[in-house]
Amino acid sequence: MIRELQLPGMFDPHVHLRGLDWSHKATFASETAAALAGGYWAVLDMPNTPPPTIDDPALDTKLAAITAEAVCDWGVYFGASQADNTAEYAAVTGRVCGLKIYNNATTGTLLIDDQTQRARHYAAWPPDRVIAVHAEGSTVLDILALVRQSGRRTHFCHISTAEEIGYLRAAKQEGLPVTVGVTPHHLFLTAEDVRSLGALGRMKPELKTAADQAVLWQAIDSGVVDVVESDHAPHTLAEKASENPPSGVPGLETTLPLLCTAVHEGRLTVDRLVELVALRPQAIFGKPPPPGTYTLVDLETSYLIARENLHTLCGWSPFEGQRVFGKVREVWIRGQRVFDGERVLVSPGFGHNLFAGMGTG
Ligand code: NCD
Ligand code: ZN
Ligand code: ZN
């Protein structure tokens, strides 16, 4: 067993940092600090936080706020909106990491359930840039039809069932340009856990059966899964305790330890771990880490996940009380030590937009 692992530029392509009108849930400063504490070099922020990132002014507002606050490197998605916003695409593509389309109901106001509308967004987005989709169950097939038609590179977020894995395995065999993300909560929790977790175990897609979970792990082994993405989606404890609790759980600080624990238990190889949290997401978005960018993780020491050790502003985790291996010792970005295992060592604004100046393509 190796004691210390050096990971080359951990990259999470699916986080909700909040900020803006949802700064009571979390802020760009707090959640990029949580990203560093979780070992990450870079994170890609989703567009569903109000005001949603669906036009040029909203994008400018978000870019200004993250630029001022971020302590890790970052990118932001542009959101497809129901009121057709494809006319905005030419002006925004040079500043964003990709387009996000919400095809099933979830947090926010960006649901597009009309296939003709989805097709319009697919056709308008530049062919060389990524589209990330929230698609569950048979909606995966609807999106695959658009991929087949348009050839657009599509990342399927938070895939959670055996059925969906089946569709995507076939799509890869067919040669479609698709990639697959799964979350740590679907890998390490099941619907059974909702009994004890209550609203803290509620997210979209919902937790599934042990049989679905087993297929996700097989799909990691066989290479159908490309990425483990946290889908870090903080909500306050008060909101979670309310009558109508919102969906979503934080994950930035628990993803690496949970996966290191799987390595410790012999359920995952170190090589696969490095691909899932660093190499594959870097390749999908065409962003290798700059020189001097890596994370040192202690694989031997175990500890309990506890809310008092978390940096996320929401201050809780669905994994509290679990014993894990994989303690982040140091994070380095561009030759600078940015996290020492406990504290963030750089000021707000240190982080770069990895997708500034991508051209207007
Ligand atoms: C996300 C959120 O809260 O923004 N919630 C969730 O349950 N995953 C939205 C999403 O990723 O669908
Ligand atoms: Zn989603
Ligand atoms: Zn999400």
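What follows draws every value from the coordinates through simple rules; no lab data is involved. As the structure is a prediction and not an experimental result, all values here were calculated from the model. Positions of Cβ are backbone-derived with ideal geometry, glycine not excepted, and every protein chain shown enters the neighbour counts.
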By count of other Cβ within 10 Å, fewest leading, how are Ile305, Ile131 ordered? Ile305, Ile131
Arranged by the count of other C-beta atoms within 10 angstrom, fewest first, what order do Trp125, Trp217 take? Trp217, Trp125
Using a ≥ b ≥ c from the Cα gyration tensor of region 4-339 (square roots of the eigenvalues), is it rounded, prolate or oblate, where a/c under 1.5 gives rounded and otherwise the larger of a/b and b/c decides, a/b for prolate? rounded
Just grab the label-to-label distance for Ser23 and Thr301, each label 7 Å out from Cα along the Cβ direction, in nm (one decimal). 3.5
Which FRET efficiency value, to the nearest 0.05, do you get for Glu4 and Ala210 by plugging their Cβ-Cβ distance into 1/(1 + (r/R0)^6) with R0 = 25 Å? 0.15
Quick one: grab the alpha carbon gyration tensor of region 315-360, order the square roots of its eigenvalues as a ≥ b ≥ c, and give me rounded if a/c is under 1.5, else prolate or oblate depending on whether a/b is larger than b/c. prolate
With each label point set 7 Å from Cα along the Cα-Cβ vector, what nm distance links Arg334 and Asp142? 4.2
Of the candidates Ala238, Ala26, Ala123, which one comes out as most mobile in a Gaussian network treatment of the chain with C-alpha springs shorter than 10 Å? Ala238
Stretchable slack from Arg120 to Ala90, in nm (0.36 nm times residue separation minus alpha-carbon distance): 9.4 nm
Farthest towards the positive end of the dipole of the chain, among Trp22, Val228, Thr139 and with Cβ unit charges of +1 on Lys and Arg and -1 on Asp and Glu, lies the Cα of Val228
Mean residue ellipticity at 222 nm from the helices of the chain, using -39,500 (n - 2.57) per DSSP H segment of n ≥ 4 over the full residue count, to the nearest 500 deg cm²/dmol? -8500 deg cm²/dmol
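Sorted from fewest to most neighbouring beta carbons within 10 Å, what does the list Trp332, Trp74 look like?
Exposure proxy ranking, most exposed first: Trp332, Trp74.
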Return the lysines within reach of Lys208: Cα separation strictly under 21 angstrom, same-chain partners fewer than 8 residues apart disregarded; answer none if there are no such residues. Lys240
Honestly region 237-307 on the Cα gyration tensor test (a ≥ b ≥ c root eigenvalues; a/c under 1.5 rounded, otherwise a/b vs b/c for prolate or oblate) is just oblate
In whole angstrom, note down how far apart the Cα centers of region 299-361 and region 18-69 are. 15
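Just how large is the dipole of the chain about the Cα centre, in debye to the nearest 20, putting +1 at every Lys and Arg Cβ and -1 at every Asp and Glu Cβ?
Its charge dipole is roughly 440 debye.
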In region 4-339, what % of DSSP beta bridges are antiparallel (nearest 5)? 40
For Lys100, counting only lysines whose alpha-carbon sits under 19 Å away and dropping same-chain residues fewer than eight positions off, the answer is Lys62, Lys204, Lys287
